[in-house]
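Following: one structure in structure tokens, then a few remarks.
The values are calculated or read from the model by the stated rules, or taken from the named source; none is laboratory data. Because the structure is predicted, anything quoted here is derived from the model rather than measured. Note that each Cβ is placed from the backbone with ideal geometry, even for glycine, and that neighbours are counted across all protein chains shown. These area figures cover heavy atoms from the full protein model, side chains too; ligands, DNA and RNA do not enter into them. Shrake-Rupley method; radii C 1.70, N 1.55, O 1.52, S 1.80 Å.
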Amino acid sequence: MFEALFINLELNINPLKETELILYGGEFYNGNKTFVYGDLYRYDVDKREWKLISSPNSPPPRSAHQAVAWKDHLYIYGGEFTSPNQERFHHYKDFWMLDLKSNQWEQLILKGCPSPRSGHRMVLYKHKIIVFGGFYDTLREVRYFNDLHVFDLDQFKWQEIKPTPGCMWPSARSGFQFLVFQDQIFLYGGYFKEVMSDKNSSEKGIVHSDMWCLDPRTWEWSKVKKGGMPPGPRAGFSMCVHKKRALLFGGVVDMEVKGDVLMSLFLNELYGFQLDNYRWYPLELRKDKSTKDKLKGCKRSDQQSNGSISEHKKSQHDLEKAESSERYENLENYEEVSDMECGIDEISQHISRNLTTEDNECANASDQKLQQQNRNSDMQTSNSSEAVKPCGRINSCMAVARDTLYIYGGMMEVKDQEITLDDLYMLNLSKLDDWKCIIPASECEWLDVSEEEEDDTEDEQSNSESDSDETDEDDDLETWNDGERTLEMENAVAIIKGEGKNLRRKEKRARIEQIRATLGLSDSQRTPIPGEALKDFYKRTSMYWQMAAHEHTQHTGKELRKDGFDLAEVRFKELKPILDELAVLEAEQKAVEEEAGETSSRKRGNKKKKNHTSQR
């Protein structure tokens, strides 16, 4: 049984058994203490079970280390240990080897190894292990590295590759991604803290978005010009290689809202990077045609069994169809798109079902009966295909085996709480049809420490109201920390509205940011702007959706534009109700703040911890 919650760990595919994942180390923070682990687990994908491996002479507990597998051994280098009160850090420089057959550890004590560090990256190229970058934190200062070290697995020797005068070389950083493709090693992104020249010598986090390519035959670096549609700058994302492309998932974007108040947006987007032509593109999921046809047949049988639709419904349907045709006027044969509506509904039927509201004043009793029968039919045909997707997160583990992508764990924030995830998702990279949640996330315990309230108005509230607010906040967290960490649109609307609750201003602000972060509203290429019609939304973002559709269909011309429109329409219908509710809530919030003369909000807590997490 696997019950621990870890982040900053390593997940590898067992080279001796592709259906087995190997996990080592990690840490967990519960709001009061930090726990660092030295456990070794194996996960059998077929049996869907974790197994704890006991082995003598194992490495000390650590996190933010790196591991690679070669032949029948797993190699681990570096990492860090954090004291429970986070006042002391120890960075490792030890190098360990695990025999995957006997589960025996052995420390390799060799000359010329890299200096102590964590947040570095390590990859395997043929019979060589390559290490780059990282950081070393003494609490008084943080040093970042851009040195390059190579370990020869045949000769068991370390070698440092030093830059020659005038050569191109990446700047110092940690928390980047390192990928191998044929005779190229790609470096992307990373994090660096810059000391400002102000009176207080404050630090500013720098998020890199540059890409480099290292030739392991000459050890020369070159800068890569990113083509296509690359993701925006972010920290804490994860990447891995599948055939001729690299896959990128997750990350966080920190934005200043007012002064030094930070708002974090945790992302759950999936991007692809074609390694042979350096082209970025978004990866949007598609649905299986057989499922669409089955759903279409069910709907037709329902219509036949339930007789004709009322005149009111007919006119309403005709009006909606006419409006859709007008929005799609630049594409020919729109009737084909209408025929595909049942397929589009199948993609997001759990959303539309939860958000459908009945017009009781206009619909008669027969209409209501028909709606109920259709809803029941939808429930029967879609319960097995409810939309499942990993929530936004940072520092998740990614691995690919047999055309299957595995994503494990990571960290996200809800209000001032750091939520450590232990869920496991898989995605068939050949079909790209839907995510499957193998292990739902378990609830993690959070211990609140005493916090200072900066809102004088809230300090004046009565004790009874405060007690009620605390209960409400607990209820909110239960909603957001459910078993699968999946935000249903129905719950989103309830959370935004705060149904049945008298929300304080801080809680309203928190609700707004939670919704925006979880739904990925920070990405303008995937999100309609307030008041934007479907036609205008697609016109503004058509390049994004056509590139996403091309990865599925390989269509061109008019067919590709139609495919892109289908994806955009799904996203538009999915978010429109939420955006409308957000607009109302934000307007109310703005009016209340202006009336009360409120000029500040609670500063984000535990900033030291967050910066430290981003750079690993």
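Inside the range 412-434, can you point out the residues that are of a type in the set (A, V, I, L, M, F, W, C), assigned to a strand (DSSP E or B), in contact with a Leu (Cβ under 8 Å, 6 or more places away or on another chain) and under 18 Å from LEU21 (Cα atoms)? Step through it out loud before you land on a result.
Let us first name the residues in the range 412-434 that are of a type in the set (A, V, I, L, M, F, W, C), namely 412, 414, 419, 421, 424, 426-427, 429, 432.
Checking which are assigned to a strand (DSSP E or B) leaves us with 412, 414, 419, 421, 424, 426-427.
If we keep only those that are in contact with a Leu (Cβ under 8 Å, 6 or more places away or on another chain) too, we end up with 412, 414, 421, 426-427.
Within the range 412-434, LEU421, MET426, LEU427 qualify.
Which of the residues belonging to the range 103-138 are under 18 Å from ASN8 (Cβ atoms) and either in contact with a Cys (Cβ under 6 Å, 6 or more places away or on another chain) or open to solvent by 50 Å² or more (accessible area, probe 1.4 Å) (or both)?
Within the range 103-138, just TYR136 meets the criteria.
Looking at (1) part of a loop (DSSP other than H, G, I, E, B); (2) farther than 24 Å from ARG217 by Cα; (3) out of contact with any helix residue (DSSP H, G or I) (no Cβ under 8 Å at 6 or more places or on another chain); (4) not aromatic (Phe, Trp, Tyr), find the lone condition where LYS51 falls short.
Failed condition: (1).
Just one of (1) touching a Gly at 6+ places or on another chain (Cβ under 8 Å); (2) farther than 23 Å from PHE237 by Cβ trips up HIS127, so point out which.
If we test HIS127 against (1) touching a Gly at 6+ places or on another chain (Cβ under 8 Å); (2) farther than 23 Å from PHE237 by Cβ, just (1) comes out false.
Against the conditions (1) assigned to a helix (DSSP H, G or I); (2) open to solvent by 20 Å² or more (accessible area, probe 1.4 Å); (3) hydroxyl-bearing (Ser, Thr, Tyr); (4) at pLDDT below 70, where does THR599 fall short? Just the number, please.
Of the numbered conditions (1) assigned to a helix (DSSP H, G or I); (2) open to solvent by 20 Å² or more (accessible area, probe 1.4 Å); (3) hydroxyl-bearing (Ser, Thr, Tyr); (4) at pLDDT below 70, the odd one out for THR599 is (1).
For the subset of the range 195-224 comprising residues that are in a loop (DSSP other than H, G, I, E, B) and of a type in the set (Gly, Ala, Ser), which member is modelled with the lowest pLDDT? So that I can check it myself, show each step before the final result.
Filtering the range 195-224 for residues in a loop (DSSP other than H, G, I, E, B) gives 196-202, 216-219, 224.
Restricting the remaining residues to those that are of a type in the set (Gly, Ala, Ser) gives 197, 201-202.
Values: SER197: 70, SER201: 67, SER202: 74.
By that ranking, first place goes to SER201.
Consider PRO170 carefully, then state whether it is assigned to a loop (DSSP other than H, G, I, E, B), open to solvent by less than 30 Å² (accessible area, probe 1.4 Å), at pLDDT below 95 and not acidic (Asp, Glu).
Working: assigned to a loop (DSSP other than H, G, I, E, B): yes; open to solvent by less than 30 Å² (accessible area, probe 1.4 Å): yes; at pLDDT below 95: no; not acidic (Asp, Glu): yes.
Considered against the rule, which asks whether it is assigned to a loop (DSSP other than H, G, I, E, B), open to solvent by less than 30 Å² (accessible area, probe 1.4 Å), at pLDDT below 95 and not acidic (Asp, Glu), PRO170 comes out as no.
Within the range 108-120, can one find any residue that is within 18 Å of ALA399 (Cβ to Cβ), assigned to a strand (DSSP E or B) and in contact with a Gly (Cβ under 8 Å, 6 or more places away or on another chain)? It would help to see each step written out before you state the result.
Filtering the range 108-120 down to residues within 18 Å of ALA399 (Cβ to Cβ) leaves none.
Checked the range 108-120: no residue is within 18 Å of ALA399 (Cβ to Cβ), assigned to a strand (DSSP E or B) and in contact with a Gly (Cβ under 8 Å, 6 or more places away or on another chain).
Taking the range 13-65 as the region of interest, how many residues are surrounded by fewer than 19 Cβ atoms within 10 Å (Cβ to Cβ), out of contact with any Lys or Arg (no Cβ under 8 Å at 6 or more places or on another chain), closer than 28 Å to ASN428 by Cα and in contact (Cβ under 8 Å) with a residue 60 or more places away in the chain?
Residues meeting the conditions: 1.
If you check PHE145, PHE151, PHE192, which single one turns out to be free of Cβ contacts under 8 Å to residues at least 40 places away in the same chain and assigned to a strand (DSSP E or B)? Write out each step before concluding.
Numbers: PHE151 fails: free of Cβ contacts under 8 Å to residues at least 40 places away in the same chain; PHE192 fails: free of Cβ contacts under 8 Å to residues at least 40 places away in the same chain.
Step by step, each of PHE145, PHE151, PHE192 is checked, and only PHE145 is free of Cβ contacts under 8 Å to residues at least 40 places away in the same chain and assigned to a strand (DSSP E or B).
Tell me, yes or no, whether the range 213-227 has at least one residue that is open to solvent by 60 Å² or more (accessible area, probe 1.4 Å), within 18 Å of PHE135 (Cα to Cα) and free of Cβ contacts under 8 Å to residues at least 12 places away in the same chain. So that I can check it myself, show each step before the final result.
Step one: list which residues in the range 213-227 are open to solvent by 60 Å² or more (accessible area, probe 1.4 Å), which gives 217-218, 220, 223, 225-226.
Now restrict to residues that are within 18 Å of PHE135 (Cα to Cα): none.
No; the residues of the range 213-227 include none that is open to solvent by 60 Å² or more (accessible area, probe 1.4 Å), within 18 Å of PHE135 (Cα to Cα) and free of Cβ contacts under 8 Å to residues at least 12 places away in the same chain.
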